[in-house]
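Remarks on the structure that follows.
The values are calculated or read from the model by the stated rules, or taken from the named source; none is laboratory data. Please read all numbers here as calculations on a predicted model, not as lab measurements. Using ideal geometry, Cβ is built from the backbone for each residue, glycine included, and neighbour counts are taken over all protein chains shown.
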């Protein structure tokens, strides 16, 4: 979308992108910050309107500009919009914090698991370096119950 002026999007399940949501709606995203070269006059005018630039194209744009001005000049409506935007920002921030916390939790758990694997590997290598047989080193690391047998097999495979 970075260099595109218009993009159509459909909703997909966050867990499985092959599952399109059946809401029957196509979302249109308009990037008003890219070059409008080759676009229709209506789209160029809409991009200008989105960038708070005056537009003199047709009655639809005249109406939109009038309504924007009315809304901006009405303190009550302006307050409602600002309150709505504040709540949206608060929700976005709360979701970001929750996502960060979840990612951090997952990262810590993954890091701990990898740390156990790395420790088991070092212990296994030390056992082998100290003259233990493959079987003895395997049994010793297995007795520590640091990692699963499957992970231990991966370490053993390095020595076969």
Original post:
What is the number of the single condition among (1) surrounded by 11 or more Cβ atoms within 10 Å (Cβ to Cβ); (2) modelled with pLDDT under 70 that residue 30 does not meet?
Top reply: (2)
Original post:
Filter segment 41-60 for residues that are loosely packed, with under 14 Cβ neighbours inside 10 Å and out of contact with any helix residue (DSSP H, G or I) (no Cβ under 9 Å at 6 or more places or on another chain); which is nearest to residue 30 (Cα to Cα)?
Top reply: 50
**OP:** Looking only at segment 102-116, decide whether some residue is at negative phi, over 38 Å from the mean Cα position of the chain (by Cα), in contact (Cβ under 8 Å) with a residue 24 or more places away in the chain and assigned to a helix (DSSP H, G or I).
**Re:** no
**OP:** May I ask you to verify whether residue 65 is over 24 Å from the mean Cα position of the chain (by Cα) and either modelled with pLDDT of 90 or more or part of a helix (DSSP H, G or I) (or both)?
**Re:** yes
Original post:
How many residues are without any contact (Cβ under 8 Å) to a residue 24 or more places away in the chain, under 39 Å from the mean Cα position of the chain (by Cα) and not in a helix (DSSP H, G or I) when one looks only at segment 129-157?
Top reply: 2
